[in-house]
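Below: the structure, in structure tokens.
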Amino acid sequence: MKKIAQLFIILFSFLFVAITPVLNKVKSQDVESASDYLTVTPPKVELWTEQGKEIHQTLKITNESDQPALIALSLESFSVAESDGTVVLGQNFSLPNDIISWIEFEKRDAHLAPKETKYISYNIKTPANAYPGGNYAAIIVSMDKVDRKPEDKAGTAKVVSLVLLSVAGDIRDTVAVEKYEHITSKAKGNTNHNFVLKLKNNGNNHIRPKGMIVITNFFGKKVAEVPLESENVLPNVSRTLETTWSPKGFHFGRYNANLVATYGYKGDKQIAESIGFFIWPNLITIVSIILALFIVAMLALTFKSKRR
């Protein structure tokens with residue numbers, strides 16, 4: 001019986017050590033919300049043109065509120081935040097890629113009845129000496145109440161539609177991988193494996209990497225394929241792309257996350273990275289395994305005692 005008690009203490013100690021890091025990794029989930037007073041379609045347009053050419057585009061604008069409204073259109077340059085790609089208005093890149101002067105609206109304001117939709121056209125006139133590669137602008141659609149009082153705040157809603165224009169010519173696609181790492185997180189009781197890829201676009205045109213993250217186990221066998229989270233990375237900008245894998249079933253041990261992606265306007269540039277990581281069973285699985293081992297050990301000791 002003394003040996004059985006010692007075995008129980010060892011198993012209980014292992015259980016405590018195994019559970020502690022699992023509990024410490026639980027994180028709360030943030031919930032985001034947004035108002036729905038105004039809808040603009042498309043939120044982003046990606047275009048290809050040549051020097052000296054003109055492009056015709058249309059915005060679909062809907063007043064989602066129950067009140068009549070006035071809308072006004074304006075243009076701004078923009079940049080993006082490295083962490084999540086959030087648009088930052090009014091900040092130029094180091095490249096000469098501001099196309100505000102190239103865009104002309106059919107009209108810059110309109111009256112919208114409640115729930116009404118209107119279409120506003122605009123033209124992009126590319127100069128004959130336009131800069132090859134990526135050129136950008138943000139169309140700002142602002143909405144205000146028709147019967148707004150002087151003391152009320154203006155602009156009850158503001159929506160952005162981004163214009164990403166590639167001009168043919170000397171297109172240079174060059175990307176550097178600044179980071180590729182694995183982070184675990186908890187969501188609704190499940191363990192998610194997040195693969196964080198940070199890219200620096202050293203070229204002169206925006207890129208959108210496309211590819212897969214292939215998960216292989218210790219023996220090199222493929223266990224999953226996860227599509228790479230694909231977003232635009234603008235010139236002279238770093239951007240972090242996070243792809244999540246939520247495995248189903250039982251997984252344990254060392255795994256590899258093999259990234260295989262392509263980019264560039266021809267799609268002929270490649271990105272290949274690999275990272276190793278470990279998967280540990282969840283709390284319920286750990287408890288079940290330890291209890292099963294304990295029962296087997298007890299039965300073995302009992303059987304051995306009877307034989308004596």
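Here are some notes:
- Per atom type, region 191-266 shows carbon and sulfur on 49% of its accessible surface, probed at 1.4 Å.
- K53, K248, K269, K118, ranked by accessible area, largest first (probe 1.4 Å): K248, K53, K269, K118
- Close amide H pairs (under 5 Å, H built 1.01 Å from N) link V80 with V88, residues at least 5 positions away or on another chain.
- Rounded to the nearest whole Hz, the Karplus-based 3J(HN,Hα) values (6.51 cos²θ - 1.76 cosθ + 1.60, θ = phi - 60°) of region 109-123 follow the sequence 8, 6, 9, 10, 6, x, 6, 7, 10, 10, 10, 10, 8, 8, 10, with x at glycine and proline.
- For V175, distant residues with modelled amide H under 5 Å away: N202
- Once the C-beta distance of K118 and S274 is scaled by a Förster radius of 51 Å, the resulting FRET efficiency is 0.50 to the nearest 0.05.
- Average accessible surface for region 230-269: 48 Å² per residue, computed with a 1.4 Å probe over protein heavy atoms with every protein chain in place.
- Of the trypsin sites (Lys or Arg not before Pro) in region 165-219, the ones in a loop by DSSP (not H, G, I, E or B) with at most 16 other beta carbons within 10 Å are R172, K188.
- Packing-based ranking, highest mean first, of 59-69, 217-227 given that Cβ atoms within 10 Å are counted: 59-69, 217-227
- Accessible area of H182 (1.4 Å probe, protein heavy atoms only, ligands and nucleic acids ignored): about 40 Å².
The values are calculated or read from the model by the stated rules, or taken from the named source; none is laboratory data. Everything numeric in this text was worked out from a predicted model, so none of it was measured. Positions of Cβ are backbone-derived with ideal geometry, glycine not excepted, and every protein chain shown enters the neighbour counts. Remember, those area values only see protein heavy atoms, side chains included, never the ligands or the DNA or RNA. Shrake-Rupley method; radii C 1.70, N 1.55, O 1.52, S 1.80 Å.
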